[in-house]
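Novice: One structure follows; several queries about it will come next.
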Amino acid sequence: MLQAMRKHAKYFYVLFVIVIVSFIFWGVGGVDNTGDIEIVAEVGPYKITAQDYWKTYDRVYRFYQEIYKDKFDEEMQKKMNLKENVLDSMISDKVLLLAAKKIGITVSNDELQDSISTESAFMKNGVFNRDIYLNRLKLNRITPDAFESLKRQELTLEKTRRFIELSADTADIDRNLQKLSGNTQTTDMIKQAMLGDVKGKAVQAYIEGMKKNIKVTINKRLIS
């Protein structure tokens with residue numbers, strides 16, 4: 001039973017961590033003119049610069065290094081295919097932003113402000129504190145406008161993923177769980193892992209379908 005749980009959880013966990021970590025810390029970028037800056041990938045109108053890529057990779061690398069310590073050696077990195085997985089997750093975010101435009105998913109100003117005001121990092125005594133908010137942004141060398149733009153994109157991605165996940169076929173999960181024996185807590189853990197797997201695959205399938213109608217170019221030389 002635990003083996004089944006790990007099997008389903010592994011795929012979702014790795015994908016989830018790479019996507020979330022890469023976005024939260026460095027954002028997903030935007031449509032811009034990058035001039036002579038080296039471009040790792042172009043996804044329709046969106047560009048992923050080498051600078052953004054390596055910043056994201058460094059964050060993900062240190063995240064796994066903190067978890068696995070000395071075990072996180074070159075061999076493990078190769079097995080995880082870390083460099084390409086980071087780039088794939090960044091490309092997927094761009095595709096989902098295009099999907100959001102196609103579907104008509106938006107984030108209102110009220111949704112944006114509510115999300116920011118409930119961030120624990122910006123609170124004092126359980127209440128949003130504007131001075132803390134501005135100081136934290138200043139320490140991270142990001143303006144409020146830039147942060148709010150990135151936050152809006154984060155929320156857009158979350159809403160788009162949830163929308164796609166609604167199409168996931170989860171009918172087989174309960175039937176498969178009936179064949180297992182064990183305590184309720186373990187069964188619930190397996191169910192959540194299986195749900196995550198099915199939903200993750202539904203999102204990935206949608207992304208791959210979108211890619212067929214989007215021009216995606218990649219310069220892997222810049223991440224080798």
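The values are calculated or read from the model by the stated rules, or taken from the named source; none is laboratory data. Computed from a predicted model, the values in this text were never measured in an experiment. Quick reminder, even Gly has a Cβ in these numbers, built from the backbone with ideal geometry, and neighbours come from all protein chains shown. Note: accessible area is taken over every heavy atom of the protein model, side chains too, but ligands, DNA and RNA are not part of it. Shrake-Rupley method; radii C 1.70, N 1.55, O 1.52, S 1.80 Å.
Novice: Filter segment 206-224 down to residues that are modelled with pLDDT of 85 or more and of a type in the set (S, T, N, Q) and give me whichever is most open to solvent (accessible area, probe 1.4 Å). Step through it out loud before you land on a result.
Specialist: Within segment 206-224, the first condition is being modelled with pLDDT of 85 or more, and the residues that meet it are 206-223.
Those still in the list that are of a type in the set (S, T, N, Q) too: 213, 217, 219.
On the way: ASN213: 137, THR217: 56, ASN219: 51 Å².
Filtering segment 206-224 for residues that are modelled with pLDDT of 85 or more and of a type in the set (S, T, N, Q), the one most open to solvent (accessible area, probe 1.4 Å) comes out as ASN213.
Novice: Taking segment 93-126 on its own, how many of its residues are in a helix (DSSP H, G or I), β-branched (Val, Ile, Thr) and in contact with a Lys or Arg (Cβ under 8 Å, 6 or more places away or on another chain)?
Specialist: 2
Novice: With respect to LEU134, determine if the residue is among the aliphatic types (A, V, I, L, M) and open to solvent by 50 Å² or more (accessible area, probe 1.4 Å). Step through it out loud before you land on a result.
Specialist: On the way: among the aliphatic types (A, V, I, L, M): yes; open to solvent by 50 Å² or more (accessible area, probe 1.4 Å): yes.
Spelling it out, LEU134 is indeed among the aliphatic types (A, V, I, L, M) and open to solvent by 50 Å² or more (accessible area, probe 1.4 Å).
Novice: Something else about it: Just wondering, is there one or more residues in segment 196-205 that are within 19 Å of the chain's Cα centre (by Cα), within 29 Å of GLN51 (Cβ to Cβ), surrounded by 17 or more Cβ atoms within 10 Å (Cβ to Cβ) and in contact (Cβ under 8 Å) with a residue 12 or more places away in the chain?
Specialist: Yes.
Novice: Give segment 186-195 a look and list any residue that's open to solvent by less than 70 Å² (accessible area, probe 1.4 Å) and more than 12 Å from LEU166 (Cα to Cα), or say none. Reasoning before the result, please.
Specialist: So in segment 186-195, the residues open to solvent by less than 70 Å² (accessible area, probe 1.4 Å) come out as 186-187, 190-191, 193-195.
The answer is THR186, THR187, ILE190, LYS191, ALA193, MET194.
Novice: Given the structure, is SER115 hydroxyl-bearing (Ser, Thr, Tyr), in contact with a helix residue (DSSP H, G or I) (Cβ under 7 Å, 6 or more places away or on another chain), surrounded by 18 or more Cβ atoms within 10 Å (Cβ to Cβ) and touching a residue at least 40 places away in the same chain (Cβ under 8 Å)?
Specialist: Values: hydroxyl-bearing (Ser, Thr, Tyr): yes; in contact with a helix residue (DSSP H, G or I) (Cβ under 7 Å, 6 or more places away or on another chain): yes; surrounded by 18 or more Cβ atoms within 10 Å (Cβ to Cβ): no; touching a residue at least 40 places away in the same chain (Cβ under 8 Å): yes.
For SER115, the condition - hydroxyl-bearing (Ser, Thr, Tyr), in contact with a helix residue (DSSP H, G or I) (Cβ under 7 Å, 6 or more places away or on another chain), surrounded by 18 or more Cβ atoms within 10 Å (Cβ to Cβ) and touching a residue at least 40 places away in the same chain (Cβ under 8 Å) - is not met.
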